[in-house]
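The values are calculated or read from the model by the stated rules, or taken from the named source; none is laboratory data. Nothing here was measured: the structure is a model prediction, and the numbers come from that model. With ideal geometry, Cβ positions are generated from the backbone for all residues, glycine too; neighbour counts draw on all protein chains shown.
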Amino acid sequence: MGLVVIARPAHRKQSRLFFRIELRTPASHPVFNPMILLVEDNEDDVFLMERALRKASIERPMHVAKDGRQALEYLQAVGQYADRNSFPLPSLIFLDLKLPFVQGFQVLEWINQQPSLKQIPVVILTSSSEQSDRDMAQALGAQSFLVKPPTADMLRRVFESFPGI
């Protein structure tokens, strides 16, 4: 990933010109932080996920999107999520299927249509154990499929299967 250096005149002091240097990554190379985006509308399931992460000794910041629309806004950096410094792109997404406003399959399909996001691993975390849901998730690009509630062992295996996140 390359960096773009931008030098802009900041101000003139006597005979010297001072420049402000900004380092930015090109838009085609978004910055990913070692954080988790959990897309989950049920507060009890959020609690169970946080507990399983603690038991697995997985220490990553996590942002919770409470519905599919909020997840899309977060990933697009729009509205309240426009500041990428405060709301960085995740390195891993846990996605429920049954969500208000925009269903999990629709979110998954959208993610995989975005060239800058499709490399983010998406793990389906749902109460459904239906084979048809597993098949659809895989067809739409999910890397893994977990049935709730998550356990420490389940999460350890997920993180072991994606080294570097």
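If a residue must be polar (S, T, N, Q) and either in contact (Cβ under 8 Å) with a residue 60 or more places away in the chain or part of a helix (DSSP H, G or I) (or both), how many such residues does the stretch 127-147 contain? Can you show your working first?
Quick first cut of the stretch 127-147, residues polar (S, T, N, Q) only: 127-129, 131-132, 138, 143-144.
Then keep just the ones that are either in contact (Cβ under 8 Å) with a residue 60 or more places away in the chain or part of a helix (DSSP H, G or I) (or both); that gives 131-132, 138.
Adding up the residues that qualify gives 3.
Would you say MET1 is surrounded by 13 or more Cβ atoms within 10 Å (Cβ to Cβ) and at pLDDT below 95?
Values: surrounded by 13 or more Cβ atoms within 10 Å (Cβ to Cβ): no; at pLDDT below 95: yes.
When the stated conditions are applied, MET1 does not pass them.
Would you point out which residue out of LEU97, LEU117, LEU75 is more than 24 Å from LYS55 (Cα to Cα), hydrophobic (A, V, I, L, M, F, W, C), touching a strand residue (DSSP E or B) at 6+ places or on another chain (Cβ under 9 Å) and in a helix (DSSP H, G or I)?
That would be LEU75, the only listed residue that is more than 24 Å from LYS55 (Cα to Cα), hydrophobic (A, V, I, L, M, F, W, C), touching a strand residue (DSSP E or B) at 6+ places or on another chain (Cβ under 9 Å) and in a helix (DSSP H, G or I).
Name the residues in the stretch 148-158 that are out of contact with any Leu (no Cβ under 8 Å at 6 or more places or on another chain) and either part of a loop (DSSP other than H, G, I, E, B) or within 25 Å of GLN119 (Cβ to Cβ) (or both), would you?
THR151, ARG156, ARG157
Output the qualifying pairs, or none if there are none: Cβ atoms under 6 angstrom, residues six or more apart or on different chains, first residue in the stretch 40-56 and closer than 19 Å to VAL122 by Cβ, second residue among the polar types (S, T, N, Q).
ALA52/THR151
Inside the stretch 77-100, can you point out the residues that are closer than 16 Å to SER116 by Cβ, loosely packed, with under 14 Cβ neighbours inside 10 Å and touching a Phe, Trp or Tyr at 6+ places or on another chain (Cβ under 9 Å)?
none
Checking THR126 against (1) surrounded by fewer than 21 Cβ atoms within 10 Å (Cβ to Cβ); (2) out of contact with any helix residue (DSSP H, G or I) (no Cβ under 6 Å at 6 or more places or on another chain): exactly one of these is not met. Which one?
(1)
Let me confirm something: among VAL147, VAL102, which residue is farther than 15 Å from LEU38 by Cβ, at pLDDT 95 or above and touching a strand residue (DSSP E or B) at 6+ places or on another chain (Cβ under 8 Å)?
Only one candidate passes the filter, namely VAL147.
Using beta carbons and a limit of 8 Å, which pairs, at least six apart or on different chains, have the first residue in the stretch 96-117 and on the phi > 0 side of the Ramachandran plot and the second one part of a loop (DSSP other than H, G, I, E, B)?
The qualifying pairs are PHE101/ASP67.
Please enumerate the residues belonging to the stretch 101-120 that are surrounded by fewer than 18 Cβ atoms within 10 Å (Cβ to Cβ) and either touching a His at 6+ places or on another chain (Cβ under 9 Å) or not basic (Lys, Arg) (or both).
Matches in the stretch 101-120: PHE101, VAL102, GLN103, GLN106, GLU109, TRP110, ASN112, GLN113, GLN114, PRO115, SER116, GLN119.
Does any residue in the stretch 149-165 that is farther than 14 Å from SER57 by Cβ come within less than 9 Å, Cβ to Cβ, of a residue that is among the charged types (D, E, K, R) and part of a loop (DSSP other than H, G, I, E, B) six or more places away or on a different chain, and which pairs are these?
Correct list of pairs: ILE165/ARG60.
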